[in-house]
Amino acid sequence: MQKYEELMKECISLAKKGVGSTSPNPMVGCVVLDKNDNIIAKGYHHKYGENHAERDALLKIKDGSDRGGTLIVNLEPCSHFGKTPPCADLIIERGIKKVVIGCRDNNPKVNGGGIRKLQEAGIEVVVGVLEDECRKLNEVFFMDIEKNRIFVALKTATTLDGKIATSNGDSKWITSEISRAKAKEIRQYYDAILTSSSTVIADNPYMNHKLKIILDREFKTKFNSNIYASGNIILVVGDGVSLDNRDIPDNVTILPCSVKNNKFELNILLPLLYGKGIKSLFVEAGGVLEGSFIKYGYADKIYQFVAPKILNDNSGKSCFDGDNILKMADSKVFKIVSTEMTGDDLLLVYSPNY
Ligand SMILES: NC(=O)c1ccc[n+]([C@@H]2O[C@H](COP(=O)([O-])OP(=O)(O)OC[C@H]3O[C@@H](n4cnc5c(N)ncnc54)[C@H](OP(=O)(O)O)[C@@H]3O)[C@@H](O)[C@H]2O)c1
């Protein structure tokens, strides 16, 4: 089993090579052993619509050395025709004797069907090696197929006393270059970045990503701001906002959304974005917007970079604004998923425990 855990870790790192390109498909990696347990091929799912990891690996083997061998993969092989033929069929065809799987694919089109097909062909199937890690790798995919909703991750960079800017909005820089580079790397795991007009106006950030969503209820941002210089932009404006006299650049799509109490209603906005095929968001904004995601229970994961600094000023901006809560028992409870030093800063990753 120990041996398979090592190989499953290899599958997970191979899978991550597809980051940013596989959505809405999961990230999958695969290792193939010959009958003497030597590694003979590795593969991964490069891009949505292209070969799945098992096919990518098996097609590299031309000499039949996979006959009688073992295939390790982080997700159950598919049993249905999608953009490519079923991987289970190719595994059977190749005479693989044993398949080691990280976790089941709960996609209704698969859902144990791949495992059954392999077993019916007389293949030994082991399921659940590093299951938690394998599910975590594809948490966005599982949210999509199991709960049919968008996955929301928040990112914030704070001082030790939870501040993201001084009272006059100065925020450059709280964390180190290493932390900022790490945040850019994490962005790629999500379909889109979401930010606010306030942050665009205060910081004029670039936020490089193929898809950026700006919440701009009153259409206050200017198209010559850095954020508009690259990628596709969805500009969410309040219902009924006038678009008169504004030349909309080619990379910008306007999305009107309903507003209540001068705020977009997240319970309407999020399904609207999900309906456009956006499966995950990486929110990079200030405390007002991020606090709203927490208040209404939409934060599935939080990345908090903490710099070893104390602003020591009550009027500094906090990372998560909220209401006047009088009982500690009413706080939202999270569980810490991981911690990591990024230069001199600490990256805390946590998820709701409610
Ligand atoms: N350290 C960090 O990680 C970090 C990251 C980003 C920004 N910042 C700093 O944060 C500051 C800006 O933060 P901020 O708190 O003023 O702004 P924010 O949280 O980025 O955005 C708040 C604005 O979003 C809009 N909004 C629309 N729907 C909303 C909803 N449902 N809930 C809440 N807000 C909604 C509202 O603007 P409208 O009224 O215009 O609709 C609201 O004023 C800047 O100083 C920036 O430097 C820090």
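The values are calculated or read from the model by the stated rules, or taken from the named source; none is laboratory data. Just so you know, these numbers come straight off a predicted model, no measurement behind them. We place every Cβ from the backbone using ideal geometry, glycine too, and count neighbours over all the protein chains shown.
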> With respect to Y303, is the statement that it is in a loop (DSSP other than H, G, I, E, B) and either within 10 Å of the ligand (Cβ to nearest atom) or in contact with a strand residue (DSSP E or B) (Cβ under 8 Å, 6 or more places away or on another chain) (or both) true?
Replying inline: no
>> Looking only at region 301-330, filter to residues that are surrounded by fewer than 20 Cβ atoms within 10 Å (Cβ to Cβ), among the charged types (D, E, K, R) and under 21 Å from K263 (Cα atoms); which one of those is modelled with the highest pLDDT?
In response: D321
> Taking only pairs six or more apart or across chains, which ones have beta-carbon atoms under 7 Å, a first residue in region 262-283 that is of a type in the set (S, T, N, Q), and a second residue that is more than 16 Å from the ligand (Cβ to nearest atom) and part of a helix (DSSP H, G or I)?
Replying inline: S280/V140
> Counting only residues that are within 26 Å of the chain's Cα centre (by Cα) and more than 8 Å from the ligand (Cβ to nearest atom), which one in region 161-174 is surrounded by the most Cβ atoms within 10 Å (Cβ to Cβ)?
Replying inline: K163
> N106 is checked against (1) assigned to a loop (DSSP other than H, G, I, E, B); (2) touching a Lys or Arg at 6+ places or on another chain (Cβ under 8 Å) and fails just one. What number does that condition carry?
Replying inline: (2)
>> Can you pull out every residue in region 274-300 that is within 13 Å of the ligand (Cβ to nearest atom), surrounded by fewer than 23 Cβ atoms within 10 Å (Cβ to Cβ) and within 17 Å of Y189 (Cα to Cα)?
In response: A299
>> Any residue that is within 16 Å of the ligand (Cβ to nearest atom), among the charged types (D, E, K, R) and within 21 Å of I150 (Cα to Cα) - is there at least one of those in region 220-229?
In response: no
>> For region 257-289, which positions are assigned to a helix (DSSP H, G or I) and either under 19 Å from V140 (Cα atoms) or in contact with a Lys or Arg (Cβ under 6 Å, 6 or more places away or on another chain) (or both)?
In response: L266, N267, L269, L270, P271, L272, L273, Y274, G275, G287
> Pick from A229, A183, A165: which is out of contact with any His (no Cβ under 6 Å at 6 or more places or on another chain) and more than 28 Å from T339 (Cα to Cα)?
Replying inline: A229
> Taking region 198-232 only, how many residues are of a type in the set (V, I, T) and loosely packed, with under 15 Cβ neighbours inside 10 Å?
Replying inline: 1
>> Being surrounded by 22 or more Cβ atoms within 10 Å (Cβ to Cβ) and closer than 29 Å to A192 by Cα narrows it down to one residue among G82, G102; which is it?
In response: G102
> What do you reckon, is V259 more than 22 Å from the chain's Cα centre (by Cα) and near the ligand (Cβ under 9 Å from one of its atoms)?
Replying inline: yes
>> I'm trying to understand the selection: among the residues of region 221-277, which are among the small types (G, A, S) and farther than 17 Å from Y296 by Cα?
In response: S225, A229, S230, G231, G238, G240, S242, G275, G277
>> Which count do you get for residues in region 119-160 that are within 16 Å of the ligand (Cβ to nearest atom) and not hydroxyl-bearing (S, T, Y)?
In response: 7
